[in-house]
Amino acid sequence: MKKHIVLFASGNGTNTQNIIKYFQNSNQAEVVCVLSNNKNAQVLDRSKALSIEALSFTKAEMLAPQNLLSLLKQYKPDLIVLAGFLLKFPEIIIDAFPNKVINIHPALLPKYGGKGMYGHHVHKAVVENKETYSGITIHYVNNQYDKGEVIFQKKISLTPQDTPQDVAAKVQQLEHQWLPKVIEDVLIKAH
Ligand code: GAR
């Protein structure tokens, strides 16, 4: 039986698309569902185009997440991956799936993490602080923003000329290269 991966994403969904494609060539795991807090998110179209079930939920459903939790349980996830999910993840779901929720963050935590630090906000802050490196962090999700145990980090060097958009592109390339492999490793280690 293939392991089940459920993805959560809020926006564009390039990571989601990349993960779906990677596991479409795997006999170990598959993406069984994509969930988004934004009914207009591009990620829903990208997922459906790859024949993956893609659903959205409302803010109210996230704040009282019993139905979301029941839905998730139906998919029997071995791993839940926040792949560009920009809201705080419901505690009740984290508690229901211990050590089975991971997140990708577009910087080298503990730097540039916490509330409000997501997407382009992160890259803008990195450039403003004249950092010579940025990178990615993949970590377990706990009840504090960006504070769960780190699973994997990868650095990329920056130049003084890099704009936030340049940093985003460099970081995204790392995300696409590494996130599917790290998901695979976590799934293999867990069983
Ligand atoms: C990714 O860079 C991801 O690291 C970031 O959102 C982007 C989504 O891109 N996540 C966060 O900032 C979470 N705090 P995508 O929609 O193209 O996959």
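Simple point charges give the picture: +1 on the Cβ of Lys and Arg, -1 on the Cβ of Asp and Glu, and for region 57-115 a dipole about the Cα centre of about 140 debye. The accessible surface of region 63-105, taken with every protein chain in place and a 1.4 Å probe, is 54 percent carbon and sulfur. Under a model in which nothing but the beta-carbon of Lys, Arg (+1) and Asp, Glu (-1) is charged, the chain shows a dipole of about 80 debye around its Cα centre. At a probe radius of 1.4 angstrom, the accessible area of the chain per residue rounds to 52 square angstrom. Near residue 160, once Lys and Arg are set to +1 and Asp and Glu to -1 for all other residues with Cβ below 13 Å from its Cβ, the sum equals -3. Under the classification rounded if a/c is under 1.5, otherwise prolate if a/b is larger than b/c and oblate if not, where does region 112-153 fall, given a ≥ b ≥ c as square roots of the Cα gyration tensor eigenvalues? Since a/c reaches 1.5 but b/c is at least a/b, the shape of region 112-153 is classed as oblate. To put it simply, the accessible area of region 128-178 at a 1.4 Å probe is 48 percent carbon and sulfur. Of the peptides 48-54, 35-41, the ranking by mean beta-carbon count within 10 Å, highest at the top, reads 35-41, 48-54. Taking all Cα pairs closer than 8 Å and separated by 6 or more residues, the relative contact order of the chain comes to 19 percent.
Here is the result for region 116-185: no chymotrypsin sites (Phe, Trp or Tyr not before Pro) lie in DSSP coil with at most 13 other C-beta atoms within 10 angstrom of their C-beta.
Given the -39500 (n - 2.57) contribution per DSSP H run of 4+ residues, what per-residue ellipticity at 222 nm results for the chain, rounded to the nearest 500 deg cm²/dmol? It lands at -12000 deg cm²/dmol. The equivalent ellipsoid of the chain has semi-axes of 26, 18, 16 Å, largest first, where each one is the square root of 5 times an eigenvalue of the Cα gyration tensor. Stokes-Einstein diffusion of region 94-138 at 10 °C, 1.306 mPa s viscosity, Kirkwood radius from Cα pairs, rounded to a whole number: 137 µm²/s.
The values are calculated or read from the model by the stated rules, or taken from the named source; none is laboratory data. As the structure is a computational prediction, the values presented were derived from the model and not from experiment. Cβ sites come from the backbone with ideal geometry, for glycine too, and all protein chains shown count toward neighbours. Side chains included, ligands, DNA and RNA excluded: accessible areas come from the protein's heavy atoms. Shrake-Rupley method; radii C 1.70, N 1.55, O 1.52, S 1.80 Å.
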